[in-house]
Every structure is written in structure tokens, then in C-alpha cells.
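In what follows, a single structure is set out as C-alpha cells and then discussed.
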Amino acid sequence: MTVNELVVEMSKSGCFGAGRLAQAVSIYERMLKEKALVIFGLSGAMIPAGMKRVVVEMIRRRMIHAIVCTGANVVHDTLEAFGGAHYRGSFAVSDKMLYEHRIDRIYDIYIPEEVFKSKFDKPVIELFDEIAEKNPGKVFSTAEFIREVGRRLRDGDSMIYNAYKRGVPVFVPAIQDSCYGLSLWEYVEKHHGKPITIDSCRDIQDLFKIIKQSRKNGVLIVGGGVPKNFVFQAAFKFNKPYDYAIQITMDRPEPGGLSGATLEEAISWGKVSGEGDRVQVISDATICLPLIVSAVMERLFKK
């Protein structure tokens, strides 16, 4: 049985999480067949968790047309592009001991601080020098800045390199809330105030332009947080609700947080169309994202 055949069997029952996952596959397939603009929201620690190859395949096959993600995901993608690695560990361990050994933990993923220093901090500062030299006085949007980084990585497995190569903008609206933000601060301090200037408000203008020009709009959101709101606010501003919406989340709506807010709630804001196709898949994204993408690929591509 192939992945898509399994999903088809799930759709025949149509119940619980399996039914929602099958519905997500069908909606995503329709998005692509009907030539909708597909914006991909990516939060959480998806790159350390091994989802990079899934996202890269989505970029290569033109299954997403713009990415809005957290700073953490571009940080970890860059770290791997410079030869760093994430290690499978255990959540059942003394974090005091990990701290003493200078090992950072993301649930059951380990990253030695020495890897961060040698495979992110040092090469990124050198990369900033080149970007500043080639673009004196330029004020970057986050998408322009990440494109400049991606241009220089030359790693065929990198998310941001593949995005640069295929013209997929990567918006990081909270880039300062990441190791990229810390490195940019360090770079400015080191050069006595000579800045690499990033204006994240310019991302709003660039994303709005993409949304306004599209005939139909779709969104696939992993998690929530800043990427979800950034994607949705364009629809709210221009009264152009999304025709298709898929969210994968483990959060609940009762506390009122955006990550758990239902797509039905988004209808009240004019962010998602009341007549559109939508589904919220309550699942760990590392389980269902590969299944959704694989099934859609199987339906749309011969190879």
C-alpha cells in the first residue's frame, strides 16, 4: 500500500484525526490543481526535527510559493548548511548535566554549543561581512536578507538555498527573536555601529503585493504563532480571505491563543472564507506533514 492509498482508506472512514488528515490532502491537492497561491507557515522546531527534506521537496516541486517562518528554523537550516548537525537524544535526562556539558536540548534533540559556535556563529559573522560589502547602506526586508544568505550557502539540501534558487521568498517577521538576531547585534557591536539594517515592516508590503496579485489564495500552516498571524493579517487587511486553509497544530482554542484558534474563528475576522475549504489537523506535524505531502505528490506527479 502506498501513502496515498493509505490516505484514501482513511478518507473512506472519514472519522477523527484520520478523516481530517485525508481532508487536508484533498484540500492541498485542490489548491495546487486550481493554481492557487500557496503560502506555507512554518513554526516550531521543524528543521531540527528532520522536516527539512520535506520542505525542500515542496519547494523543488513548486508546491509552495512563499514561506513565512520563525527565526529558529532558518537558524537551524543555516547551521546544517555549514556542516553542523542535530543529534537524537532523550527527553528523560538531567538538564543540569546537559548544561554542564554545554549541550542544548529541544525535547529529544541535542545540539552541542560548540556546534553552534563553529557551524553558525563564526561562519554567519563572516557571511555578514560579505553581504554588507556587496550591499553598502542597503535596508533589507527579512525576505531580501534571507535571499542574500541563501545565495551564499550553496548547500543543495538547505531550505533557504533551495528557496533562493527557485525564487520562493522566505519571510521571517520575528528574525530578531533568534540566533540570527543575536548575531546581527554582535555584528553591529563588532563594527562599532556599522549596521546591516533589516526593516521587517517591508515584509508586510512584499507579502501584501503577492496576495493582491493572486487570483486564489491558499495557506498551509504548521503550528501557529507569528507565522500564522503574519499570513492571516494580509487577508484581513485587504478583505481577501483565504480560499483554502490547512493548519496542523497540537494547541487548543480554549485559552484564546492564536496557535490553537480554529479556522472557523478566522472566518469572523475575514481571514478565511466561509465558503472556502478548510481543515484543522490536530496532530504532531512530524507525523502528518510527511504523510500529507507524500500523498499529494503521489496524486500530482508521476515520479
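A short reminder: the numbers here are calculations on the coordinates, not readings from a lab. These figures come from a predicted structure and were not determined experimentally. Because the Cβ atoms are built from the backbone with ideal geometry, glycine has one as well, and the counts that use them run over all protein chains shown.
Could you tell me which of the residues 153, 182 is touching a residue at least 60 places away in the same chain (Cβ under 8 Å), under 23 Å from residue 83 (Cα atoms) and among the hydrophobic types (A, V, I, L, M, F, W, C)? Don't jump to the end; show me each part of the working.
Details: 182 fails: touching a residue at least 60 places away in the same chain (Cβ under 8 Å).
Going through 153, 182 in turn, just one is touching a residue at least 60 places away in the same chain (Cβ under 8 Å), under 23 Å from residue 83 (Cα atoms) and among the hydrophobic types (A, V, I, L, M, F, W, C): 153.
Please count how many residues of the range 125-160 are under 23 Å from the mean Cα position of the chain (by Cα), assigned to a helix (DSSP H, G or I) and either over 22 Å from residue 59 (Cβ atoms) or of a type in the set (Asp, Glu) (or both).
3
With respect to residue 92, determine if the residue is surrounded by 15 or more Cβ atoms within 10 Å (Cβ to Cβ) and either in a helix (DSSP H, G or I) or out of contact with any Pro (no Cβ under 6 Å at 6 or more places or on another chain) (or both). Before the answer, list the steps.
Details: surrounded by 15 or more Cβ atoms within 10 Å (Cβ to Cβ): no; either in a helix (DSSP H, G or I) or out of contact with any Pro (no Cβ under 6 Å at 6 or more places or on another chain) (or both): yes.
No, not satisfied.
Looking only at the range 97-123, which residues are hydrophobic (A, V, I, L, M, F, W, C) and either touching a helix residue (DSSP H, G or I) at 6+ places or on another chain (Cβ under 9 Å) or surrounded by 14 or more Cβ atoms within 10 Å (Cβ to Cβ) (or both)? Please lay out each step first, then the result.
Going through the range 97-123, the residues hydrophobic (A, V, I, L, M, F, W, C) turn out to be 97-98, 103, 106, 109, 111, 115-116, 120.
Of everything in the range 97-123, those that are hydrophobic (A, V, I, L, M, F, W, C) and either touching a helix residue (DSSP H, G or I) at 6+ places or on another chain (Cβ under 9 Å) or surrounded by 14 or more Cβ atoms within 10 Å (Cβ to Cβ) (or both) turn out to be 98, 103, 106, 109, 111, 115, 116, 120.
Specify which of the listed residues (274, 257) is in contact with a helix residue (DSSP H, G or I) (Cβ under 6 Å, 6 or more places away or on another chain) and surrounded by fewer than 17 Cβ atoms within 10 Å (Cβ to Cβ). Spell out how you get there, then give the answer.
Details: 257 fails: in contact with a helix residue (DSSP H, G or I) (Cβ under 6 Å, 6 or more places away or on another chain).
Of the residues listed, the single one that is in contact with a helix residue (DSSP H, G or I) (Cβ under 6 Å, 6 or more places away or on another chain) and surrounded by fewer than 17 Cβ atoms within 10 Å (Cβ to Cβ) is 274.
Within the set of pairs 6 or more residues apart or between chains, which connect a residue that is at positive phi inside the range 270-297 to a residue that is outside any strand (DSSP E or B) and buried (at least 17 other Cβ atoms within 10 Å of the Cβ) with Cβ atoms less than 8 Å apart?
From residues that are at positive phi, the pairs are 270/235; 270/241.
Here is a list: 25, 75. Which entry is in a helix (DSSP H, G or I), of a type in the set (A, V, I, L, M, F, W, C) and under 12 Å from the mean Cα position of the chain (by Cα)? Spell out the reasoning first.
Details: 25 fails: under 12 Å from the mean Cα position of the chain (by Cα).
Matching residue, one of 25, 75: 75.
Report, by residue number, each residue of the range 192-238 that is part of a strand (DSSP E or B), crowded, with 17+ Cβ neighbours inside 10 Å and of a type in the set (Val, Ile, Thr). Step through it out loud before you land on a result.
Of all residues in the range 192-238, those part of a strand (DSSP E or B) come to 197-198, 217-222.
This time we only want the ones that are crowded, with 17+ Cβ neighbours inside 10 Å, so: 198, 217-222.
Correct list: 198, 219, 221, 222.
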